[in-house]
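Beneath this line is the structure, given in structure tokens, with notes to follow.
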Amino acid sequence: MTVERTVVGIDVGSSKVCTLVGEVRGEGNLRIIGVGVTPSRGLRKGVVVNVADATAAIAASVEEAERASGYEIERAYVSLSGTHISSINSRGVVAVSRRGEGIAVEDVDRALDAAGAIAVPYNRELVHVIPRYYIVDEQEGVRDPLGMHGFRVEVEAHVVTGSTTAIQNLVKCVTGAGIEVDELVLSSLAAGDAVLEENERELGVVLVDIGSGTTDIAIFIEGTIWHTVTLGIGGEYIANDIAIGLRLPTRAAEEVLVRYGHARPAQVSEEERFPAEPFGESNVQTLPRWKLAEIIEARAEEMLKMIVQEIKRSGYDGLLPAGVVLCGGVAQLPGIQDLAREAMGLPVRVGQPRGLVGLVDRVNSSPYAVAAGLVSWGLMADARRPLPKGGPQWWKRFTGWLRALLPG
Ligand SMILES: Nc1ncnc2c1ncn2[C@@H]1O[C@H](COP(=O)(O)OP(=O)(O)OP(=O)(O)O)[C@@H](O)[C@H]1O
Ligand SMILES: [Mg+2]
């Protein structure tokens with residue numbers, strides 16, 4: 001079957017760079033044809049701190065995905081994260097230009113421009129202006145105003161801004177690796193696209209992506225985004241505590257976390273032990289796993305409490321019956337779901353990218369939510385732009401399939 005469109009996502013994380021090449025074919029499925037996962041360098045807490053290193057890491061990930069797919073990558077949707085990101089909800093109002101014909105794409109665009117016209121300080125820039133819902137004259141809660149009749153159209157939008165320096169450095173690294181940026185996408189929004197069910201977004205849910213250096217949080221209610229925030233905490237904090245607590249080099253502590261970690265010491269048998277080489281010991285020692293789990297639980301619990309505080313600060317904590325969906329590397333920690341349920345007082349599940357076919361055995365897990373989401377975001381981006389009459393054939397099939405996954 002002929003390939004009708006190819007979209008590339010690059011998740012530039014603090015611990016890994018993941019490039020995914022996705023294809024839409026005649027049957028309308030999103031097929032992953034190339035995967036490149038390489039260790040990240042030159043990033044701290046989601047932000048570039050060394051341009052040369054980060055550029056090399058991105059280039060290595062892109063090359064691996066090119067080799068796997070045989071597709072030459074020229075452009076990509078790229079993840080954006082970091083504590084420099086901030087977001088607010090804002091309104092834009094405009095008069096409908098040609099009342100006889102109903103609300104047109106141009107009217108909606110002008111309303112979005114108005115919503116995005118917030119006072120952005122000189123060292124920050126707009127990242128997203130995402131329409132949440134529209135108000136046409138007095139009618140609230142309109143999801144798609146196109147073609148409706150009215151005198152004025154108002155948009156309620158989620159406006160995301162970030163530090164110009166951080167954004168320019170990231171773009172510099174991606175372009176330095178020979179890739180043009182289609183769009184920068186906030187990590188939590190991409191992850192939400194990949195892992196959330198439509199009914200969760202409708203009811204009220206918080207997506208929490210706990211990576212290595214950052215935790216990206218996004219609250220969805222009534223099918224739209226209400227709040228986003230990034231905290232500078234993640235798996236490296238836990239690894240640090242393990243390094244200190246068990247006197248291990250940092251790299252060994254990280255390995256121990258991934259291989260033997262558990263967030264619930266009470267669920268670990270007293271006999272279980274694991275090999276490690278602490279400082280000052282010439283031989284490999286075997287250490288009790290429950291001791292490791294105690295260190296992990298204390299830090300993970302503290303991080304989860306910080307996340308709860310952030311959710312409370314948003315003011316939407318009472319509106320989340322679908323609870324928490326965890327993703328990112330730390331969501332793979334055994335016992336984390338149980339601990340999160342207790343520490344957060346909400347239902348918790350671990351999210352994985354949904355609806356992918358092709359080379360998916362590796363990317364069908366929580367650390368790849370952002371990369372998978374970037375690819376579906378890229379495909380949806382076309383839907384947000386005006387299409388030629390009726391849209392291309394593949395698009396109709398694809399959106400039919402996508403509607404099953406995402407809010408329309
Ligand atoms: N099985 C596991 N148990 C515990 N922790 C794990 C496990 N697998 C991965 N991690 C931790 O998850 C982190 C990596 O997660 P992820 O790949 O989501 O990060 P990233 O996207 O590179 O970084 P960030 O999003 O913070 O910029 C590391 O700190 C790693 O130690
Ligand atoms: Mg990440």
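Here, each number is a calculation from the coordinates, and none is a lab measurement. Please read these numbers as outputs of a predicted model, since none were measured by experiment. Glycine also receives a Cβ, built like all others from the backbone with ideal geometry; neighbour counts cover every protein chain displayed.
For the range 24-122, the ratio of Cα radius of gyration to the globular rule of thumb 2.2 N^0.38 Å stands at 1.64. The dipole here belongs to the chain: it is taken about the Cα centre, uses +1 on the Cβ of Lys and Arg and -1 on the Cβ of Asp and Glu, and is about 260 debye. Here the Karplus curve 6.51 cos²θ - 1.76 cosθ + 1.60, taken at θ = phi - 60°, turns the phi angles of the range 327-336 into couplings of 9, x, x, 5, 5, 7, 5, x, x, 5 Hz, with x standing for Gly and Pro.
Seen from a random direction on average, the alpha-carbon convex hull of the range 235-297 projects onto 3.7 square nanometres.
Using square roots of five times the C-alpha gyration tensor eigenvalues, list the equivalent-ellipsoid semi-axes of the range 139-192 in whole Å, biggest first.
Working: eigenvalues 243, 32, 27 Å².
Semi-axes, largest first: 35, 13, 12 Å.
Tell me whether the chain comes out rounded, prolate or oblate; compute the Cα gyration tensor, take square roots of the eigenvalues as a ≥ b ≥ c, and use a/c under 1.5 as the rounded threshold.
Details: a/c = 1.95, a/b = 1.59, b/c = 1.23.
Because a/c hits 1.5 or more and a/b exceeds b/c, the chain counts as prolate.
Based on the mean of other Cβ atoms within 10 Å per residue, sort peptides 286-292, 7-13 so the most packed one is first.
Details: 286-292: 17.4, 7-13: 27.4.
Packing proxy ranking, top to bottom: 7-13, 286-292.
Taking Cα centre as origin and charging only the Cβ of basic (Lys, Arg, +1) and acidic (Asp, Glu, -1) residues, the dipole magnitude of the range 86-162 rounds to 140 debye.
Where does each of 332-341, 76-85 land if you order them by average Cβ count within 10 Å, highest first?
Numbers: 332-341: 19.6, 76-85: 25.1.
Ranked by mean Cβ neighbours within 10 Å, highest first: 76-85, 332-341.
Placing pseudo-labels 7 Å out from each Cα toward the beta carbon at Ser97 and Glu294 gives an inter-label distance of 6.9 nm.
Pairwise alpha-carbon distances in the range 205-311 exceed 18 Å for 53% of all pairs. The loop-placed trypsin sites (Lys or Arg not before Pro) in the range 30-136, going by DSSP, that have at most 14 neighbouring Cβ atoms within 10 Å of their Cβ come out as Arg98. Packing order of peptides 215-224, 177-186, highest average first: 215-224, 177-186 (average count of other Cβ atoms within 10 Å over each peptide's residues).
Within the range 151-250, list the trypsin sites (Lys or Arg not before Pro) lying in a DSSP loop whose Cβ has at most 12 other Cβ atoms in a 10 Å radius.
Listed in order of number, the matching sites amount to none.
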